[in-house]
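Report on the structure given below.
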Amino acid sequence: MTFRYVFTGSIFYFLGGRKIPLDRDALLVAGCSSVSTLAWAVGLSYVSPGDSAVLSYTMPLFSIPIAFVVIREKVLGRELLGALVGFSGVIVYSLTLRHGSQPVGAMFTLVGAVFWAGYSVYYRKLRNREPIPILTTQFLVGSIPGAVGSLLFPQISPGINVLFDVVYLVLFSGVVLFVLWNGLLRRGRVGRITTMALAVPAMTILVDSIRTLTLPSALAVIGGVVMFIGVFIANWSRDSGEATEDSA
């Protein structure tokens, strides 16, 4: 994760005109992102895949009240309902995964979800600023806690697999992912966009089925369908007035 932050931040640094804003809001984005990543990574050492999926994707449920407090974004019933329905799909899907976790791991994973919601809200708050410099600060400043932890607890084993993993994390799970996530939140309401993240575990079911050339279980299919229903509910609008509110 430290390599991911340093290299991704370096790419954003050169793409964004070598700017590193260090104002309060930019530093809050970096802090929330760093805490979210570290808490999730530590939590994953203690929780099962099923519990991690459920606890991590509580994020939309946290983002809606955080957006109300931080940027005064009005809570819409359809977004809250969509988040709840989509999350219920995650719970159904998790029944197909291994469970059994330690409380400390659950706590760290929930903290990661809260801070994921936090920096997502700040993306929306900073929508009128250049995004790439904000992302530069997020990753370069956000790499500092990880770098300290890496020095205290070095565990990396250099090899071709590690190199492949780092390249993937930097390019696709770093640059591409966060440009898209930031861009979405600059253009739409927090409650609507963060609920769309529930499509990730749903798509995981499809990708894993293709990768293993096996049919998913009935529970996995039901869970994925319910997740997409939640995303649809949160994004459904009856008229163009709500679309105008999104772009405001």
| message | With Cα extents along the principal axes in Å as the read-out, I listed (i) 50, 43, 41; (ii) 45, 43, 34; (iii) 97, 49, 28; which label goes with the value calculated from this structure? | response | (ii)
| task | Rounded to the nearest Å, what's the spacing between the alpha carbon centres of the stretch 1-63 and the stretch 180-216? Just the number, please. | result | 17
| said: Modelling each spin label as a point 7 Å along the Cα-to-Cβ direction, I'd like the residue 45/residue 19 distance in nm, to one decimal. | reply: 3.8
| query | Which whole-number percentage describes the relative contact order of the chain, with Cα contacts under 8 Å and a sequence gap of 6 or more? | reply | 36
| remark: Taking 130, 79, 73 and counting other beta carbon atoms within 10 angstrom, the fewest-first order is 130, 73, 79
| Pick from 112, 16, 86: which residue has the top mean-square fluctuation in a GNM of the chain where Cα pairs under 10 Å get a spring? | 16
| task | Provide 51, 165 in ascending order of the number of other Cβ atoms located within 10 Å of each residue's Cβ, fewest first. | result | 165, 51
| remark: With the dipole of the chain defined by +1 on each Lys or Arg Cβ and -1 on each Asp or Glu Cβ, the option from 183, 166, 77 whose Cα lies farthest towards the positive pole is 183
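Where a number appears in this text, it was derived from the coordinates with a stated rule and is not lab data. Note that the coordinates shown come from a computational prediction; the quantities given were computed from them, not determined experimentally. Counting neighbours? That spans all protein chains shown, and the Cβs are built from the backbone with ideal geometry, glycine included.
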